[in-house]
Amino acid sequence: MAEILKNRELQLIAMALAFLLVFIPYFVESPALDAASTKLITITAIVNAVTLILALNSQIRRGLNIIRMRRRGWYFKAYMIATMILMVVFAFFGRETGPYHWVMYAVINPLSSVNYGILAFYMASTAARAFRARNTQAMLLLATGFIVLLYQAPLTGAYAPWLEPIALYFGDTFGMAAGRMFLISVTVGAIVFGVRVLLGKEPTVLGIGREKVDE
Amino acid sequence: MSESKLMKTLATYDRRWVYLTLFIVVTIPLLRPIGMPISVSPDTKQYYDVISSVKEGDHVLFTLNTEFSGYNEIQSGVIASMRIFIEHGCKICVAVGHPEATGIPELIFNQLKKELVENGYEYGRDYVILGYVMPNEASVAAMAQNFHGAITQDWLGRPIDDTFLAEINTWEDWDLIADFTTGLATSYLMNHFALRGTPMTVNCIGVMIASQKPYVDTGVYKAILQSMRGGAELEYLTGHPGPGLTAMDAFTFGHYMLILFIIAGNIGYYGYTKKQMGGE
Amino acid sequence: MATPLFRVPLIAEGRFIGLMLDVLIFILVLYYTSGDKKIYIRRVAGLDAIEEAVGRAAEMGKPVVCSYGLAGFTYWTLAGLAILSHVAKLCAKMGTRLIVPTGGSTESLIVRPVAEEIVKTAYLMAGVPDQYNPDDLPFLSGQQYAYTGGYIGILQRTRPASTIMTGSHWSEAMNIAETSNAIGAITITSGSYISNVAALACASDYILIGEEAPAAGAYLSEDPAQRASIRVQDIFKGFALVCIILGLVLTNMGNNFVQHLLST
Amino acid sequence: MVTIIDYSIAIVGAFLAMCMFSTLYGKSSPLYALAEESYIGFGTGLTIVINAEYIWRTGIVNIMKGDYILILALILGAMILFRIHPEYNYVARIPIAIALGAQFGLSLRTIIFSGFTQQIIATIVPLFEGDAVTLLYRWTVALSVIFMMTFFFYSIELKGPLAASAKLGEYFLYTAFGAIFAQTFMGRLGLFVGFMQSFTIPPWKKPILVASMIIVFALVVIMDRTGIIEKYTPSE
C-alpha cells in the first residue's frame, strides 16, 4: 500500500485524470461528462475545506509553544486560542442574535475594516515622499498621478468638468493598456506553470522530496 | 537661513505628520458634513442604465465577494443597487464569497426595510439569502452547472426547494449577476457565468479598477461601478442620498491633502535634497 | 463578439481556438523542457540592484532581509525562491547575515522547507555551513496580518541595510515597503498584480515589474523548466503581438479575419 | 431604539479599531497586540465555523440523501491531513494531486479566453473612424499595448528598434502607474472613509469614536514615554 501511495507516476496520472475530467467537458458538448466534472469539482471543494485543519494545527502549535516557553507577551497567544474556541462555541447559540452576532459586529467587522483602511495611510506617506520629479519615469508618474488625484476629489469634478476627459484619458488608455498587458502575460504565465506541474516538472509542488513541515 | 530650514523640513519631516493630518481631515467632515457638489462619471451612468433595465420577475444573483472592510467602501453602491432591484420587483438571491460577508445581508435589508414592505417582499418567494457558498472556484463552477446539486439550503439551513430558486438550474436561468467585490470569487463568477453569457455587472473597490476595466471594455462585464465614489454617484442618480454622498466631503479633503503634501515634497526635493546631493 | 469562422463537430461553439492554444502551450513546454536546450534569458537590470543592495549591507555590517512571498507554489513563488537562492549565495560569500521571514498563509506552509533547504545549501556551497542559522528563517504564522506584524517587527528591531521582497505579496506589501523605507533600508520589491506594482513602484528604491521577477529567477536558476517557461511565454506574447498588429492592419482595411479566427 | 447591545458593539469596536490604528505610531504596542490577536482568534474561529458548515451542508447532508460518491471527498480529505505527519506524509500526495489537477483544469479551461483571446480581440479596433477623442483613445491603447509588450520580452536580446520600443513601453508603463496609483489611493481612502463612517452613522456613535481616538492615542504616547511598550509588547 505504501509503495502505491508513494509512486510518483501514479500521482501524475491521478493529477492528469482529474485535470482532464474537468478540462475536457468545457470544450466538448456532453451532458454526461459535464455531470461527472461537476461532481469532481464538488469533491475538490470539500477537500479544500478540510485542509483548514492543517493551518489550524500549525497556528495552535505555534501559540502553545510561545505559551509554554513563556515568551514575552505569551498571554496574548493564550487569549488568541481562547477567542478562537469561544467563537466556535458561540456558533451553537444561533447567529442572528447572541454572542456570535455580537462578535461579528463588535470585533470582526471593525478590525477587518482597519486592516485594509490603514493602507490609505501608507499610500499617502508613499506619495508624499516618492512623488518627486527625480527622472523621466518619476516625472511621468508624478504628472499623471497628480492629474488623476485632482480629478478624483469629487469637488474638482463638479467645478472643473474640463479635467474629467483628461483624467479619464490617462486611466482609460495607459492604465487600461497596462492592465491588459499584465493580464495577457500573467495568463500565459499561469497556463505555462500549470502545464509544467502537470508534466511533472515541478515535483516540489506535489511535496515530493523535501517535505518535512516543522515550526 | 530660515528659508533653507523650511526646505529641509519639507524634505525630511516625520511621516507620522502625514498620518495624523489624514486622520484629521477625514474625520472632521464625517463628523460635520458640508455637502459639497459632485459630478457623475460616464461609467456610473452606464452602470445605472444596465441595472435599471431589469424587469419584474427577473432573477438577480446578488453576490457579495467582500470582507467587512471592503463592504464599508462599496456599501453605498450595494444599497442603491439593491433598492433598484427591489423597486423593479426582481427575484433576488444573495450569495456571499467570504465568511465575514455572512453578516452583511442583514445590514443591507435592515436599511431597506421600508422598500421591502412597500413592494410586498417576502422571504423565500421574492428573495433568499444563501450563506458562504462560493469558497473556491470549484463551488462556483458547480453552481453554474447544477445549482441544486451545489446548494440545498439557505444560510440558516432552511431548504431552498420551496423558494423561487426552484426555477433555477444552470447559469442560463439568471438574468443578471450583480457582483460587489474586493476580488475573491469574482473571477470565478466571470469564468463560469459571464463568459458563458450571463449578464454581469461589478461594483469593485478602488484597488481593483485597473484590473477590472479591461473586462468591461471586452464586454465580459456589462458595466462597472467604481469604489465609493461610484456608489455616491449612483445614490445621486437614484435620488436617495445615503452614506456615499456624505462621504464625498472626506474624499475631497483626503485627496486635496495628499496633493498638498506632494507639492510640498517636491519643493523640499528641489530646495533641499537635490542641493544636498549636488554638494556631495 | 465576432462570429466564429467555422465550427468543429463535437467542440462547443467559440472554444476551438482556446483549446488549440492550450494544446500548443502544452506541446511547446514539452518541447523546450525535453533534451538539453540552452535557452538565452536576458539579464534584467534589477539583478544589479539586488547585488548592490547586498554589497551595501556587507559594507555597513548590517543584515539583509529577503522574503519570497506568502503564496503557495505559484510561478511567482518559484521566481522568489530563485532570487532568494541568489541572495543567499551572495550573503554567504560576503559573510552578511540573511533573515528570511516565512509563513503568511496556509498554502505557504509547504514552501517553507524548500526555502530552508535553499538557504542552507547556499551557506554549505560557500564553505561556511556553520554560519547558517535556522532561527534566521522565523515562521511568522499562517495568517497574512500576523506575518506582516512579525515582518515589520523584524525590520524595526534588526534595522537591515536592505530589504528584498519578491514572490507574491498582497496588500501587506505597501506596509512592509513603507516600514523598510522608514528605517532607511534599500528597498527592492517585485509586484505581481497591477495596482500593487503601481504602488510599489513609488514606495521602493527598485522594482521588478511583473514578469521581470520570473525572468530574473529563470536567469539565475539552472532549472531548465523555468527557462523554458520564459521562452514559451515570450512566444505567446509574440503571438499576441502579431495578432494585434495584423488585426489592426486588416480591420482598418475592412477585414475582420483575426477577430473571427480568435472567436472560433 | 438604541439598546445596550448596540452601545457595547460600538464601544468595543471603536476601541479595538483604534488600537489597531496605533501601529501608525511606528511602534508595536500591547494595545496593537490585543487588537491583532482578537482579530486572528475570532477570525479563525469564524473560518472554522463556516468551513465546517460547508463540509456539513455540501458533503454530509448530500451523502445522507444518497449521493454516496461524495464519501470519496471525506476519504481524500482525511488522507490530505497526513501531510503534516513526519512519517506517513506520502499518504497526502494522491489527494493533493487530484485537487491540483482539478484546480488547474478549472483555471486553464477559461483563462485562455478571458485573459488572452478576448483581450487581443478588444485591442483590435478601427483606427480611422470616429471623432477625434475616440481616435486618440484608440491609438493610445493600441500603441501602449504594443510598446509595453516589447518591454516584457526576456528570451531575446533587445536591440535597435526593439530596444527603442521597449524604452517607450517603459515610459508608457510609468504613465499608467501614476493613474493606477491614484485610483488605488482612492480605493484605500474609500476603505478608510467607509470604516470611519460606520462610526459616524447613526450620529449617536460619534462621541464614542472621538473618545476612543483620544484615549488610545494618549495611552500609546504614555506607554511609549514610560517604557511600558518595550516591557509588554509580545516578541512576535
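The values are calculated or read from the model by the stated rules, or taken from the named source; none is laboratory data. All values reported here derive from a predicted model rather than from experimental measurement. Because the Cβ atoms are built from the backbone with ideal geometry, glycine has one as well, and the counts that use them run over all protein chains shown. Note: areas computed on protein heavy atoms with side chains; ligands, DNA, RNA excluded. Shrake-Rupley method; radii C 1.70, N 1.55, O 1.52, S 1.80 Å.
How do the peptides B:257-268, C:240-251, D:175-186 rank, highest first, by the average count of neighbouring beta carbon atoms within 10 Å per residue?
On the way: B:257-268: 19.4, C:240-251: 17.7, D:175-186: 29.2.
Ranked by mean Cβ neighbours within 10 Å, highest first: D:175-186, B:257-268, C:240-251.
Could you give the distance between the Cα centres of the stretch B:184-235 and the stretch C:2-50, to the whole Å?
A separation of 28 Å, based on Cα centres.
Could you tell me the total accessible area buried at the A-D interface, probe 1.4 Å, in square angstrom to the nearest hundred?
10700 Å²
Residues of B:104-113, mean number of Cβ from any other protein chain within 10 Å of their own Cβ, rounded to a whole number? Mind showing how you got there, number by number?
Working: counts 2, 0, 5, 3, 0, 0, 0, 0, 0, 0.
For peptide B:104-113, the averaged partner shielding equals 1.
Could you work out the relative contact order of the stretch D:91-168, using alpha carbon pairs under 8 angstrom and six or more residues apart, expressed as a whole percent? Intermediate values should be presented prior to the final figure.
Numbers: 25 pairs, mean separation 14.6, N = 78.
Here the relative contact order equals 19 percent.
For chain D, return all DSSP H helices satisfying: extent of Cα atoms along own axis at least 24 Å; mean Kyte-Doolittle hydropathy at least -1.0. If you can, show how the numbers build up before the last one.
Numbers: long enough: D:4-21 (25 Å, 2.07); D:30-54 (35 Å, 0.58); D:93-112 (28 Å, 1.28); D:132-151 (28 Å, 1.59); D:161-197 (53 Å, 0.86); D:206-226 (30 Å, 1.79).
TM-like helix candidates: D:4-21, D:30-54, D:93-112, D:132-151, D:161-197, D:206-226.
Out of all DSSP beta bridges with both ends in the protein assembly as shown, state the antiparallel percent to the nearest 5. All intermediate terms of the calculation are to be shown ahead of the outcome.
Details: 2 of 44 bridges.
Percentage antiparallel, nearest 5: 5.
Angle between the Cα long axis of helix C:172-182 and the longest principal axis of chain C, 0 to 90 degrees, nearest 10?
Helix C:172-182 and the main axis of chain C meet at about 40 degrees.
What is the percent carbon and sulfur in the accessible area of the protein assembly as shown, measuring with a 1.4 Å probe over the protein chains and ignoring ligands?
Numbers: 22840 of 36030 Å².
Carbon plus sulfur share of accessible area: 63 percent.
Tally Lys and Arg at +1 and Asp and Glu at -1 over the other residues with C-beta under 13 Å from the C-beta of residue A:120: what net charge comes out?
-1
Going by amide H atoms built from the backbone, whose H comes under 5 Å of the H on residue B:200, apart from near neighbours?
B:177, B:222
Expressed as a whole number of Å, what is the distance separating the alpha-carbon centroids of the stretch A:58-91 and the stretch C:125-186?
Here the two parts' Cα centres lie 24 Å apart.
Would you please name the trypsin sites (Lys or Arg not before Pro) within the stretch D:49-157 that are DSSP coil residues with at most 12 other C-beta atoms within 10 Å of their C-beta?
Details: sites: D:57, D:65, D:83, D:93, D:109, D:138; in loops: D:65.
Taking the stretch D:49-157 and a limit of 12 other Cβ atoms within 10 Å, the loop trypsin sites (Lys or Arg not before Pro) found are D:65.
Taking a ≥ b ≥ c as the square roots of the eigenvalues of the Cα gyration tensor of the stretch B:42-244, is the shape rounded (a/c under 1.5), prolate (a/b larger than b/c) or oblate? Could the numbers behind the result be given before it?
On the way: a/c = 1.43, a/b = 1.14, b/c = 1.26.
It is rounded, given that a/c, with a ≥ b ≥ c, falls under 1.5.
Going toward the positive end of the dipole of the stretch A:2-93, with +1 on Lys and Arg Cβ and -1 on Asp and Glu Cβ, which of A:57, A:28, A:15 do you reach last?
Sorting the options by dipole projection puts first A:57.
Ordering A:62, B:125, C:56, C:157 from largest to smallest accessible area (1.4 angstrom probe), what's the sequence? Let's see the in-between values first.
Values: A:62 40, B:125 120, C:56 75, C:157 140 Å².
Accessible-area ranking of A:62, B:125, C:56, C:157, largest first: C:157, B:125, C:56, A:62.
In bins 20 Å wide, starting from 0, what share of all Cα pairs of the protein assembly as shown does each bin hold, as a percent?
Reading the bins upward from 0: 13, 48, 35, 4, 0.
What's the angle, to the nearest 10 degrees (0 to 90), between helix B:16-31's Cα axis and the longest principal axis of chain B?
Helix B:16-31 and the main axis of chain B meet at about 50 degrees.
With helices defined as uninterrupted DSSP H runs, which ones in chain A have an alpha carbon span along their own long axis of at least 15 Å and mean Kyte-Doolittle hydropathy of at least 1.0? Let's see the in-between values first.
On the way: long enough: A:8-27 (29 Å, 1.68); A:31-50 (29 Å, 1.15); A:52-68 (24 Å, 0.58); A:74-91 (27 Å, 1.66); A:119-130 (16 Å, 0.85); A:136-152 (24 Å, 1.52); A:176-198 (33 Å, 1.77).
Length and hydropathy pass: A:8-27, A:31-50, A:74-91, A:136-152, A:176-198.
Is the shape of the stretch B:168-280 best called rounded, prolate or oblate, per the rule: a/c under 1.5 gives rounded, else a/b larger than b/c gives prolate, else oblate, with a ≥ b ≥ c the square roots of the Cα gyration tensor eigenvalues? Mind dumping the intermediate values first?
On the way: a/c = 4.60, a/b = 2.04, b/c = 2.26.
Oblate, because a/c is 1.5 or more while a/b does not exceed b/c.
Per residue, how large is the accessible surface of the protein assembly as shown? Use a 1.4 angstrom probe and give square angstrom. Mind dumping the intermediate values first?
Numbers: 36030 Å² over 995 residues.
Normalised by residue count, the accessible surface of the protein assembly as shown is 36 Å².
Quick one: among D:220, D:12, D:125, which has the greatest mean-square fluctuation in a GNM of chain D with alpha-carbon springs under 10 angstrom?
Of D:220, D:12, D:125, the most mobile in the Gaussian network model is D:125.
Run lengths n ≥ 4 of DSSP H only: what is the helix-derived mean residue ellipticity at 222 nm for chain A, with -39500 (n - 2.57) per run over all residues, to the nearest 500?
Working: 12 runs with 160 residues, N = 215.
One gets -23500 deg cm²/dmol as the mean residue ellipticity at 222 nm.
Taking 20 Å² as the minimum loss, tell me which residues in the stretch A:62-86 lose that much accessible area going from the chain by itself to the full protein complex (1.4 Å probe).
When all protein chains are present, A:62, A:71, A:72, A:75, A:76, A:77, A:79, A:80, A:83, A:84 each give up 20 Å² or more of accessible surface.
Of the listed peptides C:94-106, C:6-18, C:22-34, what is their order by residue-averaged count of other C-beta atoms within 10 Å, with the highest listed first? Before the final figure, lay out the partial values.
On the way: C:94-106: 21.4, C:6-18: 15.2, C:22-34: 16.8.
Answer by packing, highest mean first, reads C:94-106, C:22-34, C:6-18.
Placing +1 at every Lys and Arg Cβ and -1 at every Asp and Glu Cβ, with all other atoms neutral, what dipole size does the stretch C:1-134 have around its Cα centre, in debye to the nearest 20? Write out the running numbers ahead of the final one.
On the way: 13 positive and 11 negative charges, 38 e Å.
Dipole magnitude for the stretch C:1-134 comes out near 180 debye.
Compute the Rg/Rh shape ratio of the stretch A:1-132: radius of gyration over Kirkwood radius, all on alpha-carbon atoms. Could you put the intermediate results ahead of the total?
On the way: Rg = 23.5 Å, Rh = 20.5 Å.
Rounded to two decimals, Rg over Rh is 1.15.
I'd like the distance between the alpha-carbon centres of the stretch A:157-197 and the stretch C:233-262, rounded to an integer number of Å.
When both Cα centres are located, 19 Å separates them.
Determine the shielding of peptide D:85-96 by partner chains: average, over its residues, the number of Cβ atoms on other chains within 10 angstrom of each Cβ.
Working: counts 1, 4, 0, 2, 4, 10, 4, 6, 12, 10, 7, 10.
Shielding by partners across D:85-96 averages 6.
So in chain B, what percent of DSSP beta bridges are antiparallel if you round to the nearest 5? All intermediate terms of the calculation are to be shown ahead of the outcome.
Values: 1 of 27 bridges.
Taking every DSSP beta bridge with both residues in chain B, the antiparallel ones total about 5 percent.
Of the listed peptides D:156-163, D:35-42, what is their order by residue-averaged count of other C-beta atoms within 10 Å, with the highest listed first?
On the way: D:156-163: 11.5, D:35-42: 24.8.
The densest-packed peptide leads the list: D:35-42, D:156-163.
Can you tell me, using C-alpha contacts under 8 Å and at least 6 residues apart, the relative contact order of chain D as a whole percent?
With pairs under 8 Å counted, the relative contact order is 27 percent.
From the P(r) of the stretch D:127-184, could you give the percentage of C-alpha pairs in the tail past 17 Å?
Numbers: 808 of 1653 pairs.
Distances greater than 17 Å cover 49 percent of the Cα pairs.
Which lysines does residue D:167 reach when only Cα atoms under 18 Å apart count, and residues fewer than 8 places away in its own chain are ignored?
C:237, D:159
Can you give me the relative contact order of chain B as a percent, contacts being Cα pairs under 8 Å and 6 or more apart? Please report the intermediate quantities before stating the final value.
Working: 456 pairs, mean separation 81.7, N = 280.
RCO, chain B: 29 percent.
Excluding residues fewer than 8 places away in the same chain, name every one of the lysines whose C-alpha is closer than 26 Å to that of residue C:120.
Excluding near neighbours in sequence, the set is A:201, A:212, C:62, C:89, C:93.
With 29 Å as the limit, write out which pairs from B:8/D:27; B:91/B:114; B:45/B:114; A:77/D:206 have Cα-Cα distances beyond it, or answer none.
Working: B:8/D:27 25 Å; B:91/B:114 17 Å; B:45/B:114 26 Å; A:77/D:206 32 Å.
Violating the 29 Å Cα-Cα cut-off are A:77/D:206.
Just to confirm a number: summing +1 for Lys and Arg and -1 for Asp and Glu over residues other than residue A:198 whose beta-carbon lies under 14 angstrom from that of residue A:198, what do you get?
Working: positive: A:8, A:196, A:201, D:109; negative: A:9, A:202, C:22.
Once positives and negatives cancel, what remains is +1.
Between A and C, buried accessible area summed over both sides at probe 1.4 Å, in Å² to the nearest 100? Walk me through the numbers on the way to the answer.
Details: alone 17630 and 13420 Å², together 26470 Å².
Rounded to the nearest hundred, the buried surface is 4600 Å².
Could you run the numbers on buried accessible area between D and B, total for both chains, 1.4 angstrom probe, in Å² to the nearest 100?
Working: alone 17920 and 14190 Å², together 27890 Å².
Counting protein atoms only, the buried area is about 4200 Å².
Quick check: net charge around residue B:209, other residues with Cβ under 15 Å of its Cβ, Lys/Arg +1 and Asp/Glu -1? Each step should come with its number before you reach the end.
Numbers: positive: A:180, B:213, B:229, D:188; negative: A:172, B:43, B:73, B:179, B:217, B:233.
Surrounding charge for residue B:209 is -2.
How much of the pair distance distribution for chain C lies past 27 Å, counting alpha-carbon pairs only, in percent?
Working: 15684 of 34716 pairs.
Beyond 27 Å sits 45 percent of the P(r) for chain C.
With axes computed from alpha carbons, what is the tilt in degrees of helix B:42-51 against the longest principal axis of chain B, rounded to the nearest 10 within 0 to 90?
So the inclination is approximately 10 degrees.
Straight-line reach only, C-alpha to C-alpha below 23 angstrom: list the lysines that residue A:39 could link to, leaving out same-chain residues fewer than 8 apart.
Candidates past the 8-residue exclusion: D:65.
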